[in-house]
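Written out below as structure tokens is the structure these notes cover.
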Amino acid sequence: MTINMLTAFLTVSAILFSIGMFGALTKRNMIVLLLSIELMLNAVNLNLVAFSKYGMTPSLHGQMFTLFSIAIAAAEAAVGIAILLAFYRQRVTVNADEMNELREP
Amino acid sequence: MGDFGQMTFESMPHLLTALVLSPLLGILILAFIPSSMGQWLKRTAIIASLLPILIAGYVYANFNHNAGVMQFVEKFEWTSISWTNFYGSQPIPNELHLQYALGVDGISLPLVFLTALVAAMAMFASVLIKKRWKLYFILMLILEIGMLGVFTAQSLTLFFVFFELTLIPMFFLIGIWGLMHREKAANQFLIFNGLGSAILFFGIIWIITTAGFTVTGNTMDISADQPVAHFTDFIPTIADNLNNTDTIANATEWLKPYGLDTTYLLSNSTKWTLFILLLVAFGIKLPMFPFHTWMLRVHSEAPASVVMIHSGILLKMGAYGLLRIGLSFFPEQAQESATWLAILGVVNLLYGAFCAFAQDELRSLLAYSSISHMGIILLGFAANNTIGYSGAVFQMISHGLISALFFMLVGSLYERTGTTSLSDLGGMSKSLPFISAMMLVAGLASLGLPGLSGFVSELMAFIGLFENHPTLTYIAVLGIILTAAYVLRGVMNITYGKLAISTKMADAQLVEAFPMVVLTAFIILIGVYPSVLSGPLDQSLHEWAHWLNHTQAGG
Amino acid sequence: MGTYSQYAWLVPLFPLLGFIIVLAAGRLVQRIGGPINVLLSIASFVVAALIGWERLTPGIENYVWNDWTWLKIGDFNITLGFEINNLNALMLLIVTLVSMLVQLYSIGYMAEDDRKHVFFSYIALFTFSMLGVVMSENLIELYIFWELVGVCSFLLVGFWYEKLEAKKAAQKAFLVTRVGDTGLLAGILLLAWNMPGHALDFNSIFNAINAGDLSSGVITTAAILIFIGAVGKSGQFPLHTWLPDAMEGPTPISALIHAATMVAAGVYLVARSFDLFVASPTAMLTVAIIGGFTAIFAATIGLAQYDIKRILAYSTVSQLGYMMMGLGVSTTFAAGMFHLYTHAFFKALLFLGAGSVIHAVHTQDIREMGGLSKHMKITTWTFAIGTLALSGVPPFAGFWSKDLILLEAYHHQPVLFVVALVAAFFTALYMSRLFFLVFTGKARKPAHPHESPAVMTIPLIILAILSVVAGFVNLPGSEKFSEWLTGVAPEEATSYVPMIASTIVALLGISIGAVFYWRPKFSAENVKKTFLPVFTVLNNKYYIDELYQKTIQVPYDLLAAFIDTFDKYVVQGAVSLIQYIVNFVGNITAKTQNGQLQNYALVLVFGLIILAAVVIWMGGGAEVWAISGK
Amino acid sequence: MSTGQVVAFFILSFLAFSGAIMMIAFHRVVHMVVSMATTFLSLAGLYILLEAEFVAVVQVMVYAGAISILMIFGIMMTKHHDGEEEKPTTWKSWFTFGSVAAFLFLVYVSIRNTKFPEQTQQYVSENNVLEIGQMMFNQYAIPFEIISVLLTVAFVGAILIARREEAETE
């Protein structure tokens, strides 16, 4: 096969990242928003692992990095859900449109 | 890393740092005094502001007056960022060095002393402040740190940091303690100076990433000694890079194989762009003719003690920056634009004088008078010779003292009469003989009476300008008639004639009279014996001669 | 070398000391400030006299000391120092003597003023500055003291600061002389860059002219610019307007500053830089014409004034014009300086006499005086001597000096000779009118005039004696004074034509005055009615003030107002526009900050895309990748 | 790389894309979560292809397991309208779509144009888990500890935020 696997993995990762980004930018439900962000993180992780195998000097460092990244993703998901719950308790909605506390009064 | 061999390192290594940070001591003490103890706050602030004077005096006394080089130099690596860049196919380590560098030479030394002096005198004048003393004095001391820093900074980043450090306290000082339209004045101050700072910042970054370039190591044989490309913000190095023909030749040789010789060596048009950027940036501060309106508001709205500092020192930062950065980096551009600078100077001079003549408000009159006097500084710069530059520096000092004295008087007058309008005042000699006499002295100094400091600077600027622009000099000389006209109109309308306000008033108290007398003493000292300043100044300008000369070749 | 000249710095030092003492002590010396200053002036006069006596030694060298570097920048080295030569030794004597007498007189004249200590400190400062002008060794030093003298004049004219007229007069005095000063400054600048080594001392200028280092264009321009300075200070046409107004100051000041010393500084300046003028015929002609015109111009105005001091002021302007003309028409400065020297005594005498009169009757209008000779014997006699001296009646001092000028004019500029003769006639006429109106006839207003105290009359007597004898040092045929002053013997043969002509003219003027005002054979009122338009023009000083008002002051005010308006609306408007734009953009962009994070993120992504596109388009990134790829 | 691996790569990528696109397209939130789980699992497969077995296992456990479940809990604890309401397609969504497409295009072009360097050495993993374990507790010991602290802090914080705030009602 003449196919360059690194390029292939990177392309997959780019597509997934773009889909995640689109979701993050358009979805109104905050849970979906969180899911989209997870997707973007996953795309990045895929990059790291791909380089870990096909990079100029392959090593395990890329995988290590992925593991840390997953750990942080987990933390992020937990905090995200917590914020969502707190928000829901106040506004009784999970609609991102109605999150406009940052606006200048 | 370049050649700094011309600097002398003194036995007291951190004297300038101590000088610049000395107001911090006052801030610390003030922080622990309850804000209700007004008297104690005032006393502490005044005493704290005397400390910089002492240190500045010590620096002055220990300054080697026969050497024009930077003295009391302190230089440390502040931040350093490394990365690798490819020149051609060769990876070369790059390093960006931001320095913490302080130093004084004959040009900055008088300004440093002036700053310490005027700041302390402004503290005396601040006894007339009526509210929120604690914050006020802390802000004043922060302002003083910034000003001292600007005049001693020897690296562009540090210069910029201190330059900005003066902005914020000034904003609050105008906005909280000013008169009726204080907020508008503060906003305008911030918008304009912010704009100037943005331009300055842009210019500084541009200069650091281009002209700040030097290289060490062996460029021919990389294996023996890895070459490292440095970017520095150290002012002498940059000035050297831009103007020392040897340095330029070396850099060209090094960069040529990589095809980069145009990237780092500034092209003529780039130099022009930078020069104009700096001119505008400092011109706003100075202020130069079309950019002057913001300072009118500041002059008429801010409390007198703040205007003392503003008019006395902050404006000089623009002039000093233009001299230290603009003219020393781009002498050829300065040379070629001299005619325009001179025209700008004359416009400033006459425009300010005409406008001042039409004012009814003493503060506005003095504001326009400042614009007019800043014209003289521009004329000195436009002269492009040693005596012209000296005239400009003398004018900075002289105007600093005179306007500080004037606003001190304005503050005292306003305190007693509640107005500074010329049509409401008159015959003050009767009720306030001391203040009136001082006002007359300040006026005479302002209109350039020999024996007082204003004359020396005007004379030198005119002599300098005459070399290349005799016609403009003749026009500028006519400006001194206009100056006399508006100064006399202002001063005499207040002090002469029938007494307009008949309420009984007390003449200046000791705490007011003292700074007035001190400022007058310095005005007279410089007027009678200008060599106190001209000695070191002359030496320092000689140090500049190596590029002054090469730009003046044939002239 | 133990000469007195090397101690010449003592001469100005005494008045400076007096100034500092009185200024510092303030009210403490309100009473004794005057006597202190008089004593110091006497000391100063003694030193000046010793120097003058020493200068009489034939063949004595000029003494120059200029070791004090005042300012050194680059190749400019401005020194302060002093030079003693015959010319300024003479001036030292005149200044110290008149100043001493005037201060003595002032003790009496100002006795009732509350701020007399201030007055004396100003006079001391003035004396110091004037001596500085006289002793200056280079042009910049001269300019420094020149300006100081001007400011002292300003302070003293405006001494009674509550009077509106005094305020206006002081302002005018300062501004009008400043116009002249700018000329002087410009001349100095011109010379500074054209002189070899930027030297500005008089000896170097003299040498440079002799060596041909200065082009004739530069010499003419510089000479005329310096002359503009002299015009301003000496009240020559067209900058004469300040001098009559300056009479608002106390009368001793008018005597000292506006008659004897400061206004003569212009003449002295021309004499001091005479080398420049001699080298340029154009400049000489200018000086002569301006001088001659001023002489006759001011004399005619003097005919139609009623204020005693103003008449004397116009007389001063006229006489200064005479001096200028004397400098302009001759080849040495002897004639002009000789007249300056005699004029200093008799004009000071006249002013002090006028002061004595004013002191007695408390008015300055001559129509309200009359018959004072009965009450004020000393004043009358001394005033009469002054009048005769000024009118140029032999053998009084004024005759000899005026004769010398007329002689020079007669030889070199016949037209100006005629002009000068006419001016001399008018001088005699208005002086006799003044004298007879004030001292003879009946008192026109009830008053109780009394003779002034001795402290005032003694200076009058001394000056009167000097007005008689001062001229004898330079009699025609044995012109010792001219020779001593200039170092060259006068070459022209004495001619009796101008001498006789001027005597006739003077006597004629006095007699006409006498028949109108002393023993009225004709009514002056009739003449006045006949020539009413002429009289009105003269009385209004040819409307010069009004002309300046209309052509300079009004346009200036308008221009200032216009520029101010321009600044307020156009420049500040532009600034407000910037402010408005900033606010507008701020408001627009604030709308995008609606608190919705997704919008923020969208903008962020969009920006990222643009940045990435730019980087890729510019090839910056690709280059790095390409390098690292290989 | 063997043909089988290439085929597996294509299948797994396809699954991942489908899951992601379905996540965007579905209306009910629960469906979205389930389709995301597909994506997570396919990614785990891709990791195995890349010889990162340990990461693959962690991916399955953390994403497919923990995070998906967490999301479902989140859905359960909040009230939802019947799925995502249909938003009118505004210019904004088109703009977003265009931006994202442009972004993808740029990245794709960059990837295509980049010449990656030849591998200087082949890496052959013998015991992935063992090696990761050794690396984590030797070279990465400090980051590991820091991450642990971070996780703890995050969870404590999450609990604090999500807790019903009775105190506030006082």
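Values quoted throughout were computed directly from the atomic coordinates according to the rules given, and no laboratory measurement underlies them. Note that this is a predicted model, so its numbers are computed, not measured. For neighbour counting, all protein chains shown are included, and Cβ atoms are generated from backbone atoms with ideal geometry for every residue, glycine included.
A few comments on the model shown:
- Helix-only [θ]222 nm of chain B, DSSP H runs n ≥ 4, -39500 (n - 2.57) each, per residue, nearest 500: -22000 deg cm²/dmol
- Cα gyration tensor shape of segment D:1-80, rounded if a/c is under 1.5, else prolate or oblate by comparing a/b with b/c: oblate
- Computed from point charges on the beta carbon alone (+1 for Lys and Arg, -1 for Asp and Glu), the dipole magnitude for chain C about its Cα centre is near 2000 Debye.
- Farthest toward the positive end of the dipole of the protein assembly as shown, out of C:F351, C:V515, C:N66, is the Cα of C:V515, where the dipole comes from beta carbon charges about the Cα centre.
- Positive-pole candidate from B:L449, C:T536, C:L559, dipole of the protein assembly as shown, charges at beta carbon: C:T536
- Under a model in which nothing but the beta-carbon of Lys, Arg (+1) and Asp, Glu (-1) is charged, segment B:337-508 shows a dipole of about 340 debye around its Cα centre.
- Per residue of chain C, the DSSP helices (runs of n ≥ 4 H) give a summed -39500 (n - 2.57) that works out to -23000 deg cm²/dmol at 222 nm.
- Working value for segment C:369-472: equivalent-ellipsoid semi-axes of 31, 17, 7 Å, each the square root of 5 times a Cα gyration tensor eigenvalue, largest first.
- A Förster distance of 51 Å, applied to the separation of the beta-carbon atoms of B:S423 and B:S36, puts the FRET efficiency at 0.80.
- About its Cα centre, the protein assembly as shown has a charge dipole of approximately 5020 debye under the convention of +1 per Lys or Arg Cβ and -1 per Asp or Glu Cβ, with nothing else charged.
- For segment C:1-69 versus segment B:302-379, the gap between their alpha-carbon centres in whole angstrom: 42
- Take the Cβ atoms of C:W53 and C:N207, set R0 to 30 Å, and the FRET efficiency comes out at 0.55.
- Scanning chain D for DSSP H helices at least 24 Å long along the axis (C-alpha atoms) with a Kyte-Doolittle mean no lower than 1.6 picks out D:3-25, D:29-49, D:141-162.
- Gyration tensor (Cα) of segment B:337-508, equivalent ellipsoid semi-axes in angstrom: 32, 14, 11
- Rounded FRET efficiency, nearest 0.05, which uses the C-beta distance separating B:T339 from C:E483 and R0 of 41 Å: 0.20
- Full extension of the chain between B:Y58 and B:H181 gives 40.1 nm of extra length, using 0.36 nm per residue less the Cα-Cα distance.
- Segment C:80-190: C-alpha gyration tensor shape, a/c 1.5 cut-off, then a/b vs b/c: oblate
- According to the Cα-based calculation, Rg over Rh for segment D:129-170 is 1.36, with Rh computed by the Kirkwood formula.
- Applying the criteria of a DSSP loop state and at most 11 other Cβ atoms within 10 Å to the trypsin sites (Lys or Arg not before Pro) of segment B:462-523 yields B:K504.
- If you wrap the tightest convex hull around every Cα atom of chain B and split its volume per residue, you get 139 Å³.
- Taking Cβ atoms as reference points and 11 Å as the exclusive limit, the residues near B:I33 contribute a net charge of +3, counting Lys and Arg as +1 and Asp and Glu as -1.
- Shielding by partners, peptide D:146-159 (average Cβ within 10 angstrom, other chains): 4
- Of C:K167/C:K309; C:K167/C:K541; C:K309/C:K480; C:K116/C:K377; C:K374/C:K541; C:K116/C:K347, pairs whose Cα-Cα distance is over 26 Å: C:K309/C:K480; C:K116/C:K377; C:K374/C:K541
- Note that chain C, at 37 °C in a medium of 0.692 mPa s, gets a Stokes-Einstein diffusion coefficient of 122 µm²/s from its Kirkwood radius over C-alpha pairs.
- Charge-dipole axis of chain C as Lys and Arg at +1 and Asp and Glu at -1 on Cβ define it, positive-most pick from C:P196, C:T363, C:L125: C:T363
- Gain upon complete extension [C:N599, C:I544; 0.36 nm per residue less C-alpha separation]: 12.1 nm
- In terms of the mean number of neighbouring beta-carbon atoms within 10 Å, the peptides C:223-234, B:367-378, C:537-548 order highest first as B:367-378, C:223-234, C:537-548.
- Peptides A:41-47, B:454-460 ordered by packing proxy, namely the average of other Cβ atoms within 10 Å per residue, highest first: B:454-460, A:41-47.
- Once the Cα atoms are used to define both axes, helix C:33-55 deviates from the longest principal axis of chain C by about 80 degrees.
- With a 10 Å cut-off around each Cβ of C:607-614, the average count of Cβ atoms from other chains is 3.
- Rg/Rh ratio calculated on Cα atoms of segment A:5-98 (Kirkwood radius): 1.10
- Packing rank of C:22-29, B:345-352, where each peptide gets the mean count of other beta carbons within 10 Å, highest leading: B:345-352, C:22-29
- Helix C:554-565 and the longest principal axis of the Cα set of chain C meet at an angle near 20°.
- Per residue of peptide B:437-448, the mean number of Cβ atoms on other chains within 10 Å of the residue Cβ is 2.
- Three-way shape label, the protein assembly as shown, alpha-carbon gyration tensor, a/c 1.5: prolate
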